[in-house]
Structure formats: structure tokens, C-alpha cells
Amino acid sequence: MPPVLPAAGRLLLGLGLVLGSGVPPVEEGRFGPNYQGGDAFRYDDPSALPLPFAADDASMTCPGSRNSLASMRGVSLGSYLVLEPWQTPSLFYQFLGADEARGAVAPRVGVDLLSFCEALGPAEGNRQLRRHWAAWMRAEDMAKLAALGLDTVRIPVGDWMWRPYGAYAGCTNGSIAELDRAIGLAHAHGLKVLIDLHGVEMSQNGFDNSGNTSIVRWAADRRTFSYAPLASNWIGPWDEATQTYSQLNWARVVETLDVVRAIAERYAYHPAIIGVEPLNEPWMTTPIGPLKRFYWESFKIIKRRAPHWVVLLSDSFRHEADSADALWGRFLRGCPDAGLDLHMYLAFGAQPATAEEAYVSACERQAEVGAFAARGIPIVVGEWSLATDLCAMWLTGFNNNHANDSTARNDHCAWAPCAEPYMGRAQPGAPPDRGKGPRGPFADPHPRSFNTPVHGMCPIDRTWSEPSDDVVMPALAQAQLSAWLPARGWFFWGHRTELVPKWDYIRAAERGWLPSDAQAPVHDSCPAILRAAAVRAGSGGGGRARSARGRARAGAFEGTLGVGAVVGKLP
């Protein structure tokens, strides 16, 4: 059995733990994305255990050691312990029509896990969550993942599980025991587990996958909302006008490190756990110096307690080839079991219009991944999927019609019957009433098309024709797996969905779109794909396919509100 977790109260800053040394709790100033400061910060680790290798705090490197990272091929258990409305819409149908009654709408609508808990209250929220947990992650799911040759599951978790605050308190009771259940199921089926801190207080990226979206802004009357420019406030308050942070909240950084420590102390000796990702997808505006210092302190915390663990660090959407040296080249140089996590989707950014464009866009990533690998930086492609558009209902946010209309080319999206609720008919509002059309509240009340249930039908990913999905998807999977060859491994997002098989590893494999054995050798199809694209471009036959890299999805959201905002939803 893993060590017993310390009582939640002892994890809270101000209830017994000391602040990190070298900096004030809150540092005033103007801090942009390229700010390189924060070098004075140190976490006051109560452990007296030495690191099993030399570690230089000044350079954040490990002299005399060498980078190494075990291979891993797995999936993320999305919308399990951290909810995402697009992946499990049956939990969120109950909020449709909230604007049809008098009074404020906002308190009655859930658009992420935090507002889900606020809308339902601790008792009802916890009752629904416990039913969701049991139905969304089953023993049969773990058995299928193992049978498909995967070796690892990445489990997103939130800091509120260890230090409950706000509406999470009471609503998410039992979530650590639920995590233990999932780890036990994985272990029973021979799968390893990577714990991924996916959401933290005030949100590290502003998306609903952090538990607390910042892009949903309610009007003063609390009856209507809009999708606003992104605000990632974990590291401090973001100032949209100056595009800087007015403070660095080192006290909150310490609280997050406390949670990283609690995870390591609880699971250090569990035979299924292979490591931790201490923060998922911090937004690209996060000051790079303090972020790297947070990563470095996380690495030391983990390695003191679990020296055999992998530590994956998000690239913060900064994985352009020219940043391999500039940002990450010397960081954690020589440090054992440390790697950089790149998330690479075709759905976000310049979406491919043809299958050939999709193949080329996938293969262009190979050079990006290879640029890091060539410099000795171990890489894991921590998220990817088979989707090539934003058509999946609520992928860019709950009832966000505007983003779907202007970005996802909704006229190309397919529609399918909204699924029966996976947790059973006892779930309120599920499935949507076939007798009713679109129901609010909406981010855009007068769209060209709706990104919401309409008479029991839900929008899903576009269906390829001439050639069909059954031809395009296996070829696209092959192209992406080829692109990931320079990496040490990958994680598909996610293990299942209600509506969209292109985001669902189990269903995609059952359809023959993904390999039946994830460990089978991959033939590199990218050289032939890129040569063919070059020939077409040279002959004038359609030109070079557009890259869908989109700099880690940011471009997909620019201008979706007509104001040049960068907004949206990341899986």
C-alpha cells in the first residue's frame, strides 16, 4: 500500500508550511512571457533526503549525469477526475435551458468542474461525480487498453483533490480514493500510471480542462455570457491591456509544489506509478523564468522521494524548432528521467481541408520533434488525436456557437444522435429532449449554426468522403505515429468519448483506425508523404499543403470572437 496522504489541512500554506525562500510571497512588477527572473526562488523542502545525483540550482542542470527516459505509449483518461464538457456532455446537458427561467443564470450553469460544483452544490455535485467516476473508468476499459498493447495511462488530476478550496470542497470528496481505484485497475491489467497535475487554483491556462475556465465572462445581469480573451492567473493576475502579469504569486507556486510533494509522498513506492507531470499546459504567456524554476523545484521534490520516477514537463506551447536551444536547450541538462511534453493536434490551428494536407501537416511535426531529440532533449508527445477540425460539440467551450461557426466550418461538420447517458437514465437532462431545438444560454445568441444539441442530434467531427474515414484515418494515424518516432513515446487523448471516435482510442482501434498493437514497429511513412507533397507543389498541382501546426493551437482561436482574442478549449 502507498504511504498515507497527510491531512489536507497540513498542505495549506499558512497552516504550518513555510514559504519558499529567496522571494516575497507576492512580487510586484511587470512580467511578460520572456521574463527570465525568479532565480532566487527555492522551495523549503522538509525532506532531508539527498538527491541521488549532482544538481546545480543556479543552472538547473545535473552535472555528471545523463538524460534518460524510458519509452511509453499510452492514453490519457480525459474528463475523468477533471471534467471536460465536450468529452462527457451527458454531465452537462442538465444546464441547457437555464436561461428559460427568471433570475440570474450564471449560478445555475456548469461550464467546467468548478462551476459544475457551484451550480449543483456539494451534496448533489458529489453524488453525480461518484456516479460518473464509476461509469467513466471501468475495469473493462483498462482491460481493452492493455489488450491494445498500450503500456501506460496518464491520469489528469486537480490540486483541489489534495487541498480542497471553494466549491470543490465537499463536491469532490472521495476523488483521491477514486484515483487509487484507477491506479489499482491499471496495475491489475499490467499498465503503468503517469499522474498529471491537470488543474490548479486560478488556472494555469484559462481553459475548462484546468477545472476553472477564465474565458467564460458573465454579463452584469448574470443571464448572458461571452467568450473573452484568455486569462491564465495561476502565476499571478494577467493584465490584458499590457500583456503582462502585474504580480508573481510565489505563495501560490509554493501551494502547487506542496501538492506535487503530497503526490510523491503518497505514491512513491506504488508499483504501478512511473512518474508525474507537475503541471499540464501552462499557457504561453506564463513568464518562462519562474515557470522553469517551478519545474526545477518540482523535479527535486519528486526525485528526493521517488528517484526512479519520470518527470514530464510541459513545453508551455513553446515547441517551435528554434526554441529547442533558446528555451530548453540547457534546461535540466543531464537530469535523469526528465523529459519535455509536447502536445500536437491537427484540430487546432490551420485545419487541413484535404486528406493530403492532413498527412503533410502531421509529418511536418517530425522535424519539430526531431529538433529537440537531436539536441539531447528527451521528448514525449503527451497529447494527440485523429481529429482534424473543431466540430466536436463544445470542444471550444460550452455552447460556444461563435467559435464553431467561424473556425470549425460548421457546414462540414457531421451530426449524430446524442448518446444515451453512459451513467444511466438517472442522470438529469440526459439525453437531450428530441422535442426541443437549441437551448441556451449561448455565447452567441444569433449564430449561423449551432454547437449544441438540436432535436436530439449533436454535432461531431466531419466525416471524410472520397476517400472515406476508414481510408483516411488509418493513413493519418500512420503519419502521426511516424512523426512521433524521434520521441520517447506518446499519449493519445483520450481513452473514450461519448460522441467522437476520433478522440476515442478504444473505438478508433476497434474501427481499424489505430493499430491493434501499440507496440508494433512503425514504418516511417513521412519521407514519402513529404516527397509527394514537394512534387505536387513543384508541378503546380495544388501547391504545398498548409501546415496545421498553428503553434500549439493558439491560432485556432485568434479572432473567433471578432476581437482578435486568443480563446478556446484544449483537451
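Hey, can you grab everything whose amide H is under 5 Å from the amide H of VAL310? Only 5+ residues off in sequence or another chain; H modelled, so Pro and N-termini drop out.
GLY275, VAL276
Provide the per-residue ³J(HN,Hα) series for segment 473-482, in order, calculated from phi with Karplus coefficients 6.51, -1.76, 1.60 and θ = phi - 60°, each as a whole number of Hz, with x at glycine and proline positions.
Each residue's phi maps through the Karplus curve to give 5, x, 5, 5, 4, 4, 5, 5, 4, 5 Hz.
When the convex hull of the C-alpha atoms of segment 154-267 is computed, what volume per residue in Å³ does it have? Walk me through the intermediate numbers first.
Numbers: hull volume 15.0 nm³, N = 114.
Each residue corresponds to 132 Å³ of Cα convex hull volume.
Quantify how much of the Cα-Cα distance distribution of the chain extends past 39 Å, in percent. Present the calculation step by step, with values, prior to reporting the outcome.
Details: 36218 of 162735 pairs.
Here the tail beyond 39 Å accounts for 22 percent of pairs.
Under a point-charge model restricted to the Cβ atoms of Lys and Arg (+1) and Asp and Glu (-1), what is the dipole moment magnitude of the chain relative to its Cα centre, in debye to the nearest 20? Don't skip to the end; give the middle numbers.
Numbers: 53 positive and 58 negative charges, 85 e Å.
I would put it at about 420 debye.
Sequence-distant or interchain residues sharing an amide H contact under 5 Å with CYS458, placed H: which?
Amide H neighbours of CYS458, under 5 Å, 5+ apart: ALA416, CYS418.
Per residue of segment 277-285, what does 6.51 cos²θ - 1.76 cosθ + 1.60 with θ = phi - 60° give for ³J(HN,Hα)? Whole Hz please, x for Gly and Pro, Karplus curve as stated.
After applying 6.51 cos²θ - 1.76 cosθ + 1.60, I find 10, x, 6, 7, 6, x, 5, 5, 7 Hz.
Loop only per DSSP, at most 15 neighbouring Cβ atoms within 10 Å: give me the trypsin sites (Lys or Arg not before Pro) in segment 196-237, ordered by residue number.
Working: sites: ARG217, ARG222, ARG223; in loops: ARG222, ARG223.
Passing sites in segment 196-237 are ARG222.
Tell me, what HN-Hα J-couplings in whole Hz come from the Karplus equation 6.51 cos²θ - 1.76 cosθ + 1.60 at θ = phi - 60° for each residue of segment 384-398, using x for Gly and Pro?
6, 8, 9, 6, 10, 8, 9, 5, 3, 3, 6, 4, 9, x, 4
Work out Dmax and Rg for segment 262-421 from the C-alpha atoms and quote the Rg first, both in angstrom.
That works out to 18.8, 54 Å for Rg and Dmax.
Under a cut-off of 17 Å between alpha-carbon atoms, report the aspartates and glutamates in cross-link reach of LYS144, not counting same-chain residues fewer than 8 places apart.
Here the aspartates and glutamates satisfying the reach criterion relative to LYS144 are GLU498, ASP504, GLU510, ASP517.
Please grab the % of Cα pairs in segment 90-225 that end up more than 18 Å from each other. Don't skip to the end; give the middle numbers.
Values: 5532 of 9180 pairs.
Within segment 90-225, distances greater than 18 Å cover 60 percent of Cα pairs.
Only sites in a loop by DSSP and with at most 10 other Cβ atoms within 10 Å count here; which trypsin sites (Lys or Arg not before Pro) in segment 16-104 make the cut? Don't skip to the end; give the middle numbers.
Numbers: sites: ARG30, ARG42, ARG66, ARG73, ARG102; in loops: ARG66, ARG102.
Those satisfying the criteria are ARG102.
Just so you know, all these numbers are worked out from the coordinates, no wet-lab data involved. Not measured: the values here are computed from a predicted model. When we count neighbours, we look across all protein chains shown, and the Cβ atoms used for this are built from the backbone with ideal geometry, even at glycine.
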